[in-house]
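The values are calculated or read from the model by the stated rules, or taken from the named source; none is laboratory data. Because the structure is predicted, anything quoted here is derived from the model rather than measured. Neighbour counts run over all protein chains shown; Cβ positions are idealised from the backbone, glycine included.
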Amino acid sequence: MSTSSSAPAPALDSPKPGRVLLILDAQEGLLATPPKGGVPHALDVRANLTRILLAARAAPHPPLIVHVRNCGDAGEVDERGTHGWHLIHAPLPHEPVIDKLKNNAFAGTSLGELVAAEDELVVVGLLSDFCVRATCSTALGRGNGVLLIRGAHATYDRLEVWQGGGVTAAGVVETEIEAELEEAGVVLLDMSDVPGVFMD
């Protein structure tokens, strides 16, 4: 006498949550050695981005690695086609490269097709108060989990136009963005966490 189980069979097409390394605007112009147009902490950020990318590629089950490249206007440090527009890391053949025109890397690009709503994003890159903020916020709105690594995102000093002007140092701006995004639901990690970020 044969018996049959009443338990439902697992859905073969149900998506499996994955981890995605999203590298935002890691380009020669933005990460040039100051005062050649790069952010103040360009050398440290370049080193940290390299360390993170190598850790992701060396993981037993590497994440999807997506390189996002900003296409700046004429005269900007990341103007399309110039040296400053090029990525600091050469993508491997299976690593998608997405060109964007807006701060939000999901806007007008195919990023939303590459990243499922249940995927967890590890976000690094530039600029903290523009692309990083906008992309993390959109990802949270889509339902993605978002991890942001301190020391692996950066921006420029901020010129203040209100309350007498002045300049807010880039490090202060970066910390402000971290606090804002953490309040919104982003998980903040440190470079010391990198060895375990891409492990199962």
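Some observations on this one:
- Condition met for VAL77 (surrounded by 15 or more Cβ atoms within 10 Å (Cβ to Cβ), aliphatic (A, V, I, L, M) and either in contact with a Ser or Thr (Cβ under 7 Å, 6 or more places away or on another chain) or assigned to a loop (DSSP other than H, G, I, E, B) (or both)): yes
- Selection within segment 1-42 - modelled with pLDDT of 50 or more, in a loop (DSSP other than H, G, I, E, B) and over 21 Å from ASP129 (Cα atoms): LYS16, PRO17, GLY18
- Test for SER110: is it small (Gly, Ala, Ser) and closer than 17 Å to LEU49 by Cα: no
- Matching entry among LEU114, LEU101 (being under 19 Å from ASP25 (Cα atoms), surrounded by fewer than 14 Cβ atoms within 10 Å (Cβ to Cβ) and not polar (S, T, N, Q)): LEU101
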